[in-house]
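The values are calculated or read from the model by the stated rules, or taken from the named source; none is laboratory data. Just so we're clear, the structure is a prediction, and the values are computed from it rather than from any experiment. Every residue, glycine as well, gets a Cβ built from its backbone with ideal geometry; the counts of neighbours run over all protein chains shown. Note: accessible area is taken over every heavy atom of the protein model, side chains too, but ligands, DNA and RNA are not part of it. Shrake-Rupley method; radii C 1.70, N 1.55, O 1.52, S 1.80 Å.
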Amino acid sequence: MSYVWQLLLWSVQLLLWLPWLLQPGAVFNSAPWWTAALGAAGSMAAVVWLLPLAYRSVLWRRRKSARPSREVQLERRRIAEALHDDVGSQLVQLISLTGLGTDPAIRSNAEQCLLDLRLIVDSMDSRNEPLGVLLARFRHRLQPVLDHRGMNLHWDVWDPEMSGDAGSLPCGAMAEEIMAVVKEAVSNVLQHTDALELWITLAADEQWKSASNVSDASFVHARLSIEDAGPVRPADGRQIPGVASAGMGWVNMRRRALVMGAKLSISARPGGGTSVTLNW
């Protein structure tokens with residue numbers, strides 16, 4: 001914004017020189033008149049030179065804002081509509097063409113691609129929405145895939161605004177980071193296990209609920225867990241992270257948790273399966 005301030009200063013200086021040139025008693029070609037004329041000309045040149053620089057500076061500052069500009073929002077919506085109408089429709093046709101004689105893995109992968117595509121479209125069209133809304137939309141997209149695979153979804157999501165409790169769930173960038181962890185964890189279940197049970201649970205942190213100043217909290221501290229009870233497919237050989245062979249999915253989840261300042265734990269679930277827990 002330094003160009004903007006310089007533009008304002010030179011504009012003020014130009015306004016100060018103009019009365020010397022336009023005053024009724026000014027003597028043309030006198031030394032004071034020429035001084036005022038040169039000063040006004042220099043100020044005018046500086047203003048003309050700084051105008052485009054100040055304009056670009058204002059645009060750049062707006063681009064650096066956390067809120068995307070109207071042009072960026074329109075472009076995101078255009079891309080989202082193109083993905084949904086073109087790529088999405090082709091995937092739906094591909095899934096409908098996979099009959100009983102087709103390898104189940106082909107249909108499963110096509111369904112996974114369609115789910116990922118719809119989630120990408122939803123994320124591009126989101127507008128700084130709270131975590132509760134993003135989770136509800138995710139469930140809407142996930143449920144048909146689980147129904148087709150015969151998986152039971154145990155959904156227990158707590159929303160303080162719906163239950164009348166103080167505080168609110170994260171929104172904006174933090175909510176999107178949390179959803180990225182949820183999507184990656186569920187994707188691992190769908191791709192690498194034969195689970196028939198899936199639990200997604202969001203609950204308030206007990207220490208936060210017992211705090212004396214809970215009513216002053218801007219957003220709640222909570223615990224989000226994704227658990228499955230299915231065995232890992234032998235061909236996949238998925239391992240619990242913490243070893244050198246951990247995949248990029250686990251690494252990305254840990255990186256996102258670190259960015260949020262949250263705690264991520266991934267462990268074997270008692271009785272079989274995997275448990276992914278995110279605390280913030």
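One table, with the values for the structure above:
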| read-out | value |
| --- | --- |
| Counted residues, region 245-280 - those being surrounded by 12 or more Cβ atoms within 10 Å (Cβ to Cβ), of a type outside the set (Phe, Trp, Tyr), in a loop (DSSP other than H, G, I, E, B) and at pLDDT 85 or above | 3 |
| Pairs with Cβ under 6 Å, 6+ apart, first in region 254-274 and assigned by the TED database to the domain that holds Glu197, second open to solvent by 70 Å² or more (accessible area, probe 1.4 Å) | Leu264/Arg254 |
| Options Arg127, Arg67, Arg118; residue that is at pLDDT 70 or above and open to solvent by 50 Å² or more (accessible area, probe 1.4 Å) | Arg118 |
| Cβ pairs under 6 Å, 6+ apart, first in region 133-161 and more than 16 Å from Glu184 (Cα to Cα) and at pLDDT 90 or above, second of a type in the set (Ser, Thr, Tyr) and surrounded by fewer than 18 Cβ atoms within 10 Å (Cβ to Cβ) | Asp156/Thr201 |
| The lone exception for Ser89 - which of (1) at pLDDT below 70; (2) open to solvent by 90 Å² or more (accessible area, probe 1.4 Å) it fails | (2) |
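The rows are residues; the columns are (1) farther than 22 Å from Asp147 by Cβ; (2) surrounded by 15 or more Cβ atoms within 10 Å (Cβ to Cβ); (3) modelled with pLDDT under 90; (4) of a type in the set (A, V, I, L, M).
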| residue | (1), (2), (3), (4) |
| --- | --- |
| Val182 | no, yes, no, yes |
| Asp194 | no, no, yes, no |
| Thr201 | no, yes, no, no |
| Glu206 | yes, no, yes, no |
| Asn213 | yes, no, yes, no |
| Ala229 | no, yes, yes, yes |
| Pro234 | yes, no, yes, no |
